Amino acid sequence: MTERLSAREFLALLTDDFTELPRPEGPWEPDGPLGWHGYDASRARAADRTGEEESVVCGTAHVEGARAVLLAFEFGFLGGSLGRRTGDRLEAAYTYAREHRLPVVPLVATGGSRMQEGMLALTQLQRVARQSALTREAGLPQIAVLRDPATGGGWATLGAGADVVLALPGAQVGFAGSRVRPPDADPAAYTAEAQVAAGSADAVVPPGELRGALGRWLRLLTAPSGDPAPVPAPLGARDLPAGGWDAVVRARAPERPRARTYLDAYFTHRVALSGDRCGGTDPDGMLCGFGEHAGRTVAYAAQTGTATRPAGYRTATRLIRLADRLGIPVLTLVDTPGAANDAEAERQGVGAAIADLFGAVASVRTPVTTLVIGEGGSGGALALAAPGNTWATPDSYFSVIAPELAAAILKRPPEEVRATAGQLRLRPQDLAELGVIRTGDQMFPGTGDRRSEERM
């Protein structure tokens, strides 16, 4: 970890300008609410050392042109700990953000709650949690930046409770601070990198790249739109498959364009959301994030052609619900042979994860557009598809079950798999005739636009 910057030095690193908010200061008892002997002297020494009167500096700033409320912790002031006056400042800053419709950016560097104020310090976490919840309900994004350290209640509220979590390389991050962990604890588990691997943070960003990254996130998450995301143009085959098995072979072809190719072609730039916030990630099976398309923000959740893990479904659910709260349209790309069905997937709750995603897609108010770009394998693919607004490329298929599995269930010999694929009517043109997908000239030249009113 590089040298720790003060709160104001860190603000200068990130912002184009900074205007501190008024400081709400209430009455103060000698040595604090508990009468802790020497507490006032400790505060005075901290103030002399840092030039601050409390452990947090709150204000408004522009980050690469995007205006936000920033909450910068000063670790040099009693370890950046939260006390009653810290809570006063944070509550006032959140209130200002809601009144002025601004996103909130906590710059977390704290060791936890202040012991010299006892339970009154600990209950500040409840105040912070309520302010965060009210801000969430107001449809305003919260993007946390984890400095060193980000531990205790500060991590468990301002950090982990944010919509997006960025972290500095090597930062200590964890609920347990360095002095209260078990003596045999692996220190590598309490790092920013470990939290990203566990799905609790989105990215580790070097200091020199942080201003640019934060600016991109702020601009993307503060650009709502009520219009659906346009359906991407097909990047592979343009002619329709002759038979059912032909459709399957095309969709499984290694050279067929995959999710990253579609995302690169669709977005001017994009930022990735990572992790399900439940201890898991699925980087090889589900890509999620926000990007700019034709000058406006679109959220995306894209399967990559592999069996989707439970963490992948939960990450997609997290993405869709965040986009819904912020009023941002969603694009989903379907491409999976099906949900992961191994024992570990069952232990991780694959059924519950799929159910939650079905519920999210069914209940969101923001428009969702779906394009099937490869394999559409059973419910593990359908969970990501938008009812009434799903399209399919000519080199894709969508099926109730894979032809090989259908033949096995029906006790048919292997040589009947191809015929079974035809019976399943899984080709794009079959799906259009069944009313399962939409069609148009951008997918199937000469078909016009036939939109099904049926639910998938």
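The values are calculated or read from the model by the stated rules, or taken from the named source; none is laboratory data. Keep in mind that this is a model prediction, so the values were computed, not measured. Ideal geometry is used to build each Cβ from the backbone, glycine not excepted, and the neighbour counts take in all protein chains shown. In case anyone asks, the SASA skips ligands and DNA or RNA and just uses the protein heavy atoms, side chains included. Shrake-Rupley method; radii C 1.70, N 1.55, O 1.52, S 1.80 Å.
Assign unit charges at the C-beta atoms only (+1 for Lys and Arg, -1 for Asp and Glu), then state the dipole size of the stretch 73-174 relative to its Cα centre in Debye, rounded to the nearest 20. Don't skip to the end; give the middle numbers.
On the way: 10 positive and 8 negative charges, 30 e Å.
That gives the stretch 73-174 a dipole magnitude of about 140 debye.
Among DSSP bridges having both ends in the stretch 184-333, what percentage is antiparallel? Round to the nearest 5.
Values: 13 of 17 bridges.
Just about 75 percent of them are antiparallel.
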- Note on the structure: Taking the convex hull of the alpha-carbon atoms of the stretch 56-126 and averaging its shadow over every direction gives an area in square nanometres of 4.7 nm²
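Report for the stretch 281-415 the percent antiparallel among DSSP-assigned beta bridges with both residues inside it, nearest 5. Walk me through the intermediate numbers first.
Working: 8 of 25 bridges.
The antiparallel fraction comes to roughly 30 percent.
Can you compute the charge dipole magnitude of the chain about its Cα centre, using +1 on each Lys and Arg Cβ and -1 on each Asp and Glu Cβ, nothing else charged? Give it in debye, rounded to the nearest 20.
Numbers: 47 positive and 53 negative charges, 113 e Å.
Dipole magnitude for the chain comes out near 540 debye.
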- Task: Per DSSP H run of n ≥ 4, the term is -39500 (n - 2.57); total these for the chain, divide by its residue number, and report the mean residue ellipticity at 222 nm rounded to 500 deg cm²/dmol.
- Result: -10000 deg cm²/dmol
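How large is the direction-averaged shadow of the alpha-carbon convex hull of the stretch 1-127, in nm²?
Numbers: hull surface 32.2 nm².
Computed as one quarter of the Cα hull surface, the answer is 8.0 nm².
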- Item | Calculated Rg and Dmax of the stretch 97-147 using C-alpha coordinates, Å | 12.7, 36
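Based on DSSP, what percent of beta bridges with both residues in the stretch 1-107 are antiparallel, to the nearest 5?
Antiparallel bridges make up about 75 percent of those DSSP assigns within the stretch 1-107.
For the chain, with every protein chain kept in place, what is the accessible area per residue (1.4 Å probe, Å²)?
Values: 18550 Å² over 456 residues.
Counting only protein heavy atoms, the per-residue value for the chain is 41 Å².
Given DSSP loops and a limit of at most 14 other Cβ atoms within 10 Å, what is the longest stretch of the chain that contains no such GluC sites (Glu not before Pro)? If you can, show how the numbers build up before the last one.
Numbers: sites that count: Glu3, Glu25, Glu255, Glu453, Glu454.
Answer from the scan: 26-254.
About its Cα centre, what dipole magnitude does the stretch 111-157 give when the only charges are +1 on Lys and Arg Cβ and -1 on Asp and Glu Cβ, stated in debye to the nearest 20? The partial results should precede the final answer.
Values: 5 positive and 3 negative charges, 12 e Å.
With Lys and Arg at +1 and Asp and Glu at -1, about 60 debye.
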- Note on the structure: Charge dipole of the chain built from unit charges on the beta carbon (Lys, Arg +1; Asp, Glu -1), centred at mean Cα; most positive-end Cα among Gly35, Val231, Trp217 is Val231
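Could you check how much of the accessible area of the chain is carbon and sulfur, as a whole percent, using a 1.4 Å probe?
Numbers: 10080 of 18550 Å².
The C+S portion of the solvent-accessible surface of the chain is 54 percent.
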